Amino acid sequence: MKDALGSGRFGKVSMVIEKNGGGKFAAKQCACRRASQRQEFDLEIDIMNDLAHPKLLQLYDVIYGKADVTFVLELVTGGELFDRVCDESFDLTEQLAVKYIEQICEAISYMHTKNILHLDLKPENILCLSPARIDMIKIIDFGFARRYEPHKPLRIMFGTPEFVAPEVVNFDPLGKGTDVWSIGVITYVLLSGLSPFMGDNEQETLSNVTACDLDFDDESFDEISPEAKEFITKLLQKQERARPSCDECLKQIWLKKAAEDASSHRKSLCVAVTNLKKFVARRKWIRSINAVRAVTKLQAGLRKGGASITTEPCVSEAMKKLTT
Ligand code: PIT
């Protein structure tokens, strides 16, 4: 075990080095005590084993312990995309934003050809390949991914309020368009730093999502191209079936025009990241709160079961977050 890479709903991820051979990997260690948890992990493993794409994090091995399961994963070292974009030395342009969104659409299009939905696309789940290749991304976290059978309605109530589609909130059948919606929200945030459906609380956010009223009124959109706004508007349509497929997204004018501009060396304007920095700070705060909520829940469970709380990695992680 080497450095910690991060932690979240999924547990703790650390860099690990193979004893024979010295290969570097990421290891995601998760507590797994109940049979229902084991079933969830088995589904995630089954799905990950089906996925082999350069923009999707690869699973190499799984190690089952008595009360935990460890995923041996591809190592990526660039950190979260939104963190990199906010770095002082980074100039985000629309052209670069297109490059990111294109990679997300390609990866999700591949998943959709396999009839797999990701269902938790959000900024935290988009990492940069390495410090030297922050223009290349990898999508992580297949913990909510599901197989989609066209004639079998899939209803699920989970995800992150700011990024979930109206059909998730309404408990209506989900589809490939459910992921497309989240890509629309990610694009909106990337270009403006504003979260399109954010309310003062979770309830309000969910009601803004179902109302689906979208605007580009804020001054952060003043310099953003009409093609970008058109792209977002097409993805954020209330009807799941009205949204373009990922393949259709890749053919939108915004993406095509950016490619032409890039090949003729026309530079696009820099996107202002002041709002994005606030967005990133707020998301981190929410994640800490969620970690504390998880600890409280765990404490209650452990009190019943009589185990020791100090041995739980997520507890020490959450406490560390709280005190920094
Ligand atoms: C890395 C580097 C890093 C985080 C991760 C991997 C996380 C991966 C991950 C994979 C999953 C999941 C949650 C997180 O459910 O900073 O190489 O399948």
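None of the figures in this text is laboratory data; all of them are computed from the coordinates on show. Since the model is a prediction, treat every value here as computed from it, not as a measurement. Cβ: placed from backbone, ideal geometry, glycine included. Neighbour counts: every protein chain shown.
Packing here is the average count of other Cβ atoms within 10 Å per residue, and on that basis the peptides 139-150, 92-103, 202-213, highest first, run 92-103, 139-150, 202-213.
Computed FRET efficiency, Cβ-Cβ of L250 and D61, R0 25 Å: what is it to the nearest 0.05? Can you show the working numbers first?
On the way: r = 33 Å, r/R0 = 1.31.
E between L250 and D61, to the nearest 0.05, is 0.15.
Annotation for the range 193-280: trypsin sites (Lys or Arg not before Pro) lying in DSSP loop with at most 11 further Cβ atoms inside 10 Å of their Cβ are K251, R266, K267. Residue separation of H151 and A300 scaled by 0.36 nm, minus their Cα-Cα distance, works out to 49.6 nm of gained length. Put simply, the Cα atoms of the chain extend 59, 45, 41 Å along their principal axes, the longest span coming first.
Inter-part distance, the range 198-276 to the range 92-107, computed on C-alpha centroids, equals 12 Å. Other residues lying with their Cβ under 11 Å from the Cβ of R155 contribute a combined charge of 0, Lys and Arg counting +1, Asp and Glu -1.
If I fit a long axis through the Cα atoms of helix 313-323 and take the longest principal axis of the Cα atoms of the chain, what angle between them do I get, 0 to 90°, rounded to 10? Here the helix axis deviates by roughly 60 degrees. Helix 35-49 axis versus longest C-alpha principal axis of the chain: approximately 50°, rounded to the nearest ten.
Applying the Karplus relation 6.51 cos²θ - 1.76 cosθ + 1.60 with θ = phi - 60° to the range 141-148 yields 3J(HN,Hα) values of 6, 9, x, 10, 5, 9, 7, 10 Hz, where x marks Gly and Pro. Normalised by the number of residues in the range 180-261, the average gap of Cα pairs under 8 Å and 6 or more apart makes the relative contact order 33 percent.
For the range 1-94, applying the loop criterion from DSSP together with a ceiling of 15 other beta carbons within 10 Å to the chymotrypsin sites (Phe, Trp or Tyr not before Pro) yields F90.
If Lys and Arg each add +1 and Asp and Glu each add -1, what is the summed charge of the other residues whose beta carbon sits under 11 Å from the beta carbon of G193?
Details: positive: K277, K278, R282; negative: D218.
Once all neighbours under 11 Å are counted, the net charge is +2.
To test your reading of the geometry: what angle, between 0 and 90 degrees and rounded to tens, separates the Cα axis of helix 274-305 from the longest principal axis of the chain? With both axes taken from Cα atoms, the answer is about 20 degrees. Measuring nothing but alpha carbons in the range 126-197 and taking Rh as the Kirkwood radius, the Rg to Rh ratio lands at 1.03. How would the range 56-154 be classified by its alpha-carbon gyration tensor: rounded, prolate or oblate, with rounded meaning a/c under 1.5 and the a/b versus b/c comparison settling the rest? Verdict is oblate for the range 56-154. Within the range 15-30, name every residue whose backbone N is under 16 Å away from a label modeled 7 Å from Cα of A4 along the Cβ vector. Only 15-16, 27-30 fall inside the zone, counting backbone N under 16 Å. Assuming 1.002 mPa s and 20 °C, estimate D for the range 140-248 with Stokes-Einstein, Rh taken as the Kirkwood radius over Cα pairs, in µm²/s. Using the Kirkwood radius from Cα pairs, D works out to 148 µm²/s.
Please work out how much length the chain gains when fully extended from T77 to H53, using 0.36 nm per residue of separation minus the C-alpha to C-alpha distance, in nm with one decimal. Can you show the working numbers first?
Numbers: separation 24, 0.36 × 24 = 8.64 nm, distance 1.78 nm.
So the extension gain works out to 6.9 nm.
Computed on the chain, with alpha-carbon pairs under 8 angstrom and 6+ residues apart, the relative contact order is 16 percent.
Indicate the gyration tensor shape class of the range 13-56 (rounded, prolate or oblate), computed on the Cα atoms with a ≥ b ≥ c the square roots of the eigenvalues: a/c under 1.5 is rounded; otherwise a/b larger than b/c is prolate and the rest oblate. Mind showing how you got there, number by number?
Numbers: a/c = 2.74, a/b = 1.37, b/c = 2.00.
Judged from the Cα gyration tensor, the range 13-56 comes out oblate (a/c at least 1.5, b/c at or above a/b).
Quick check on the range 176-235: take the gyration tensor over C-alpha atoms, sort the square-rooted eigenvalues as a ≥ b ≥ c, and tell me if it's rounded (a/c under 1.5), prolate or oblate. Since a/c reaches 1.5 but b/c is at least a/b, the shape of the range 176-235 is classed as oblate.
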